[in-house]
Amino acid sequence: MPSTTTFRFATPQDIPAIHGFICGLAAYEHLEDEVVATPALLTEWLFEKQKAEALLAEIEGQTVGFALFFYSFSTFLGRACIHLEDLFVLPQYRGLGCGKALLRELASITLQRGCGRLEWSCLDWNAPSIAFYRGVGAVPLEDWTNYRLSGDALRAFAEEG
């Protein structure tokens, strides 16, 4: 199987593939019940509101993976950063260097756009991904814990005062 990976930014026509990758990632992470994203929502937020971008990886014209990302901001650096929300490669294309190439392409985009850093989160149990990320030189932020307000808790807090 060839391992030359090419990249392109997603278009609205890629929404079904992106949605499929999201569902595949959720299955891998045992979080299928948390996926409420629909093709219509993805179209709205990626292409109409332009709040995130998706980079697609292709091998011989077949879309085999994606990286979905958006800007964050570092007050300490005084510049935007890129936050990688999801990186996913179809199982049959793993081990060919596609994931590494996709992350490298996103690192290049981070530098081209003058951003201060590239960041992402990884589940603590995901040993293969942790090893992969450490292998490319990424370091875990051990002194930081991610927090989340969503759903009923978000609504209750927002309406509290």
query = Put +1 on the Cβ of each Lys and Arg and -1 on the Cβ of each Asp and Glu in the chain; which of Leu96, Pro16, Ala158 then has its Cα farthest toward the positive end of the dipole?
reply = Leu96
note = For the range 74-130, using Cα atoms only, the Rg and Dmax in Å read 13.2, 41
ask   = What chymotrypsin sites (Phe, Trp or Tyr not before Pro) does the range 59-161 have in DSSP loop regions with at most 11 other beta carbons within 10 Å?
value = Phe76, Trp125, Trp144, Tyr147
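To check you understand DSSP bridge types, tell me what percent of the beta bridges within the chain (both residues inside) are antiparallel, rounded to 5. Walk me through the numbers on the way to the answer.
Working: 21 of 24 bridges.
Here the antiparallel bridges make up roughly 90 percent for the chain.
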inquiry  = Quick check on packing: order 54-63, 34-43, 17-26 by the mean number of other C-beta atoms within 10 Å, highest mean leading.
reply    = 17-26, 54-63, 34-43
query = So, counting K/R as plus one and D/E as minus one, what does the shell of residues with Cβ under 12 Å around Leu46 add up to?
reply = -3
query = Restricting attention to the range 1-54, which trypsin sites (Lys or Arg not before Pro) occupy a DSSP loop and are surrounded by at most 14 other Cβ atoms within 10 Å?
reply = Lys49, Lys51
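DSSP loop trypsin sites (Lys or Arg not before Pro) in the range 77-115 with at most 15 other Cβ atoms within 10 Å of their Cβ, which ones?
Numbers: sites: Arg79, Arg94, Lys100, Arg104, Arg113; in loops: Arg94, Arg113.
Filter output for the range 77-115: Arg94, Arg113.
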note = Taking every C-alpha to C-alpha distance in the chain and binning by 5 Å from 0, the per-bin percentages run 2, 7, 15, 20, 21, 18, 11, 4, 2, 1, 0, 0
request  = Using θ = phi - 60° and the Karplus relation 6.51 cos²θ - 1.76 cosθ + 1.60, list the HN-Hα couplings for the range 63-78 in order, rounded to whole Hz, with x at every Gly or Pro.
outcome  = 6, 10, x, 8, 10, 9, 8, 8, 7, 10, 9, 9, 5, 5, 7, x
Environment charge at Ala27 (Cβ cut-off 12 Å; Lys +1, Arg +1, Asp -1, Glu -1) = -4
request  = Quick one: dipole size for the chain, taken about the Cα centre, charges +1 on Lys/Arg Cβ and -1 on Asp/Glu Cβ, in debye to the nearest 20.
outcome  = 700
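Could you tell me whether the range 107-161 comes out rounded, prolate or oblate from its Cα gyration tensor? Rule is a ≥ b ≥ c as square roots of the eigenvalues, rounded for a/c under 1.5, then prolate if a/b exceeds b/c, otherwise oblate. The partial results should precede the final answer.
Details: a/c = 3.22, a/b = 1.67, b/c = 1.93.
It comes out oblate by the Cα gyration axes.
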message = Mean-square fluctuation check for the chain, GNM, Cα pairs under 10 Å: which of Pro128, Pro16, Pro91 is largest?
response = Pro128
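Taken together, the values in this text are just the output of simple stated rules run on the coordinates, not laboratory data. Quick caveat, the model's predicted, so the values are computed rather than measured. Glycine also receives a Cβ, built like all others from the backbone with ideal geometry; neighbour counts cover every protein chain displayed.
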